[in-house]
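Working notes, beginning with the structure itself.
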Amino acid sequence: MNSYYAPPSQIQNGFIELRGQEAKHASKVMRAAEGDCLSVVDGRGRRYSGPIRRITKNTIQIEIEKQQRETATKPALTLGMGIIKKRDRLEFAVEKAVELGARNIGIFRSEHTIKENVRMDRLEAIAVSAIKQSLRCWLPEISFYRDWQEMVDRHPEAHCLVAHEKVDDEPYQPQDYKKNDQQMLLMVGPEGGFSADEISQFKKKGARLVSLGSYRLRAETAAVAFLSQFLS
Ligand code: SAM
């Protein structure tokens, strides 16, 4: 069964209202009709299902018959991505991060970022589409930070790991971080990488440098490889 998305504000008194693109997709593309059963996630860990009771031009009303709650994936992974110049590569990284279970995603500027801004609305739409495709119930929050320092400072509880090709730390074991509900901040640089100065600032903040193998990966590939180490 296809999955649809409605935020908690559209779920009230035993009914869900699909709006906008979600309603259009169900009625026009999937040709859903009154009485058909749909599955809907709220992005906050709940999955609902039930029959369509009413279809209007822009909305679909579903009566909730069943609901389930799913706990969020552990450890709590936040991916930090330096802005990549090519939009489709950044979008790929966001899509894969959602599929792989990132709880939050941060996009940041750094010394070697070439492009200054990103279309956050596009990234949010990609994230919604990725939770539906991967049958997840949790929609990651996507935030923009003026620089990576701001992102790290906003996550004081998290263990910060920085993907870097040249690592002088002791090799680390991802399983050490899988225990309990640790918060992990996984930072990946832009196509130009992190500068030497940024790396020393990361270290001063207590971050750990992590190698993802002997060969250089594109930033979006590094994000996928990094997150995959923590798949449960
Ligand atoms: N010229 C850049 C440099 O010297 O750092 C290459 C940057 S790479 C294309 C983009 C980002 O992917 C890096 O900043 C790093 O975070 C990550 N990355 C790529 N390959 C990696 C590897 N083998 N180990 C760890 N991180 C890697």
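Here MET151 does not qualify as outside any loop (DSSP other than H, G, I, E, B), in contact with a Cys (Cβ under 7 Å, 6 or more places away or on another chain) and over 30 Å from MET1 (Cβ atoms).
Can you tell me which residue in segment 165-193 is nearest to THR71 (Cα to Cα), limited to those that are in a loop (DSSP other than H, G, I, E, B) and near the ligand (Cβ under 6 Å from one of its atoms)?
Residues of segment 165-193 that are in a loop (DSSP other than H, G, I, E, B), as a first pass: 165-173, 179-182, 189-193.
Next, only the ones that are near the ligand (Cβ under 6 Å from one of its atoms) stay: 165, 189, 191-193.
Numbers: GLU165: 34, GLY189: 30, GLU191: 34, GLY192: 37, GLY193: 35 Å.
If we take residues in segment 165-193 being in a loop (DSSP other than H, G, I, E, B) and near the ligand (Cβ under 6 Å from one of its atoms), then GLY189 is nearest to THR71 (Cα to Cα).
Being buried (at least 19 other Cβ atoms within 10 Å of the Cβ), at positive phi and in contact (Cβ under 8 Å) with a residue 12 or more places away in the chain is a condition met by no residue of segment 113-123. The residues of segment 194-232 that are within 11 Å of the ligand (Cβ to nearest atom) and of a type in the set (Lys, Arg), listed by number, are ARG216, ARG218. Checking segment 24-46 against the condition returns a match, with at least one residue being in contact with a strand residue (DSSP E or B) (Cβ under 8 Å, 6 or more places away or on another chain), among the acidic types (Asp, Glu) and more than 19 Å from SER9 (Cβ to Cβ).
State yes or no: is GLY193 open to solvent by less than 80 Å² (accessible area, probe 1.4 Å), touching a residue at least 40 places away in the same chain (Cβ under 8 Å) and more than 23 Å from the chain's Cα centre (by Cα)?
Working: open to solvent by less than 80 Å² (accessible area, probe 1.4 Å): yes; touching a residue at least 40 places away in the same chain (Cβ under 8 Å): yes; more than 23 Å from the chain's Cα centre (by Cα): no.
It is false that GLY193 is open to solvent by less than 80 Å² (accessible area, probe 1.4 Å), touching a residue at least 40 places away in the same chain (Cβ under 8 Å) and more than 23 Å from the chain's Cα centre (by Cα).
In segment 1-106, counting only strands (runs of 3 or more DSSP E) that sit wholly within it, the ones holding 3 or more residues that are out of contact with any helix residue (DSSP H, G or I) (no Cβ under 7 Å at 6 or more places or on another chain) and at pLDDT 95 or above span 37-41, 46-55, 59-63, 66-69.
The values are calculated or read from the model by the stated rules, or taken from the named source; none is laboratory data. Values in this document were obtained by computation on a predicted structure and should not be read as measured data. Virtual Cβ from ideal backbone geometry, glycine too; neighbours counted across all protein chains shown. These accessible areas exclude ligands, DNA and RNA; they are computed on the full protein's heavy atoms, side chains included. Shrake-Rupley method; radii C 1.70, N 1.55, O 1.52, S 1.80 Å.
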